[in-house]
Amino acid sequence: MIRFSKSAVIKVTVLLIAAVLLTSACGFKRKKYENPITKDTQQPDKLLYDKSIKDIEKGRYELARLTLNTLINTYDTSEFLAKAKLAIADSWYREGGTHGMAQAEAEYKDFILFYPAMEEAAESQKRICDIHIGLMEKSDRDQNNALRAEYECKQLVTQFPNSKFVPETEQKLRNIQEALAQNEMVVGDYYHHKGANAAAANRLGAVVDQYPLFSRADFALWEEADSLRKMGKPAREKEGEALQKIVRDYPLSPRVEQSKKRLKELEMPIPEPDPRAIAHMRFEQENRTKLSLLARDSQFLKRGPDVSMAAKSGLPTMTNPKQSVPLSVPIPASAAATNTTPVTGVNDVTIAPVGTGTSALDTKPDARTTLPSNATPAEPATPKPEPAKPEEVTAAAAGANKPKAADKKKKKKTTKTDQTTSTTKTTASQE
């Protein structure tokens, strides 16, 4: 019986395994080198598009954009042309960063401009809205990105009203307008505590008029009424209107009873609460987002505003804010005569084209070119002599300078008399 050592057995086993691997490797197929531009390819634009999509999924954004630009520049009639342009925008959006988001917005705008009828156009507008929502600051800081986000979301709702993204975008609009209203509320509350009553009432009243779905609209109206109360009798009517709005439009507010009491003191009617307002406020109280203790404590670490109190129902405001004028600003005489409230201030300057007035000078014909019905035409005037020709004027001037015959005779007689007198004088002096 032949015995093998342990080391020999191990060597034989290793050799057998290596032989099996070598023989079986002949049946393996190697992965081919990906070369989409070949003579045998039936759709090279499709291969270019697929390759760029794989690069985007793996994070090779620059390479994907080079491939997509090759597709666009080489196959200008390809069916993948629109998708390639959208994929370039998506690559910038996925790459992120300030530069990437700016480039993505520009590419999405171009896509909507060239392909407004495609379904992806609404999605592109949604991405633009999301870009500015992600850049929003807190309510007490600059609201430029919030205003841009509101504008872009309004564009989606108005330009693509049948899109599946409209309900989601409307909720985003409610969140954005909650942040904008909070910013205005901070400014109005500051004026109220400072004692600038006219500025506070103007700012707080405008907040409720522009954003009626604001979660603190009742508090804004209450502070507006308090500011108007401090302004005295001229603001008495405006104060009553603010209090009536609390009772009518925000009937579940904790300040309703105080508002009714103040209305009794002002001897103004107390309105009935609006049933639709009651249903809306109950729905909001039941469906309001409730933040956890950890989320509330870590809110200061987030960049964006807190919109947990934003409304969950109701149509967001689609109109632009209107400029309001405080009560302390005097009303122009023209606005007071027509019972209209000025919008642009006291010294209004308007420009109108000539001839658009309603006076008699603009509407009636010129009296100098027409005659009354009972008037008789005037007698023709005596024709004026024609002006003399230059030659005649010269001849007349020359004739006027020549002395007349009578003047010559008188001059001769005067000369002879003078000569006789001078001769007599000379003879007398000699003697």
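Quick notes on this structure:
- The listed residue being within 24 Å of residue 311 (Cα to Cα) and basic (Lys, Arg), out of 236, 229, 203: 203
- Odd one out for residue 208 among (1) assigned to a helix (DSSP H, G or I); (2) more than 19 Å from the chain's Cα centre (by Cα); (3) in contact (Cβ under 8 Å) with a residue 40 or more places away in the chain: (3)
- Check on residue 164, surrounded by 19 or more Cβ atoms within 10 Å (Cβ to Cβ) and either touching a helix residue (DSSP H, G or I) at 6+ places or on another chain (Cβ under 8 Å) or outside any helix (DSSP H, G or I) (or both): no
- When residue 158 is tested against (1) among the polar types (S, T, N, Q); (2) in contact with a helix residue (DSSP H, G or I) (Cβ under 6 Å, 6 or more places away or on another chain); (3) exposed (fewer than 15 other Cβ atoms within 10 Å of the Cβ), exactly one condition is not met: (2).
- Residues in the range 288-318 that are open to solvent by 70 Å² or more (accessible area, probe 1.4 Å) and without any contact (Cβ under 8 Å) to a residue 60 or more places away in the chain: 288, 290, 293, 294, 296, 297, 300, 301, 302.
- Flag if residue 267 is at positive phi and either surrounded by 13 or more Cβ atoms within 10 Å (Cβ to Cβ) or of a type outside the set (Gly, Ala, Ser) (or both): yes
- Any hit, the range 213-220, residues being more than 27 Å from residue 315 (Cα to Cα) and open to solvent by less than 60 Å² (accessible area, probe 1.4 Å): no
- All conditions in (1) surrounded by fewer than 10 Cβ atoms within 10 Å (Cβ to Cβ); (2) closer than 30 Å to residue 151 by Cβ; (3) among the small types (Gly, Ala, Ser) hold for residue 324, with the sole exception of (1).
- Of all residues in the range 82-114 being open to solvent by less than 40 Å² (accessible area, probe 1.4 Å) and of a type in the set (A, V, I, L, M), the one that is farthest from residue 55 (Cα to Cα): 112
- The listed residues are 217, 206, 201, and the only one of them that is closer than 29 Å to residue 134 by Cα and touching a helix residue (DSSP H, G or I) at 6+ places or on another chain (Cβ under 6 Å) turns out to be 217.
- Scanning the range 176-200 for residues that are closer than 30 Å to residue 123 by Cβ and surrounded by fewer than 22 Cβ atoms within 10 Å (Cβ to Cβ) returns a single hit, 183.
- Within the range 171-186, the presence of a residue that is more than 17 Å from residue 210 (Cα to Cα), without any contact (Cβ under 8 Å) to a residue 60 or more places away in the chain and either in contact with a helix residue (DSSP H, G or I) (Cβ under 9 Å, 6 or more places away or on another chain) or not in a helix (DSSP H, G or I) (or both) is excluded.
- From the list 79, 120, 170, 137, the one residue that fits, being in contact with an Asp or Glu (Cβ under 9 Å, 6 or more places away or on another chain), open to solvent by 10 Å² or more (accessible area, probe 1.4 Å) and not hydrophobic (A, V, I, L, M, F, W, C), is 79.
- Subset tally (residues that are under 13 Å from residue 94 (Cβ atoms) and either surrounded by 16 or more Cβ atoms within 10 Å (Cβ to Cβ) or at pLDDT below 90 (or both)) for the range 47-59: 4
The values are calculated or read from the model by the stated rules, or taken from the named source; none is laboratory data. Keep in mind the model is a prediction, meaning the values are calculated, not measured. Using ideal geometry, Cβ is built from the backbone for each residue, glycine included, and neighbour counts are taken over all protein chains shown. The area values use the complete protein model at the heavy-atom level, side chains included, leaving out ligands, DNA and RNA. Shrake-Rupley method; radii C 1.70, N 1.55, O 1.52, S 1.80 Å.
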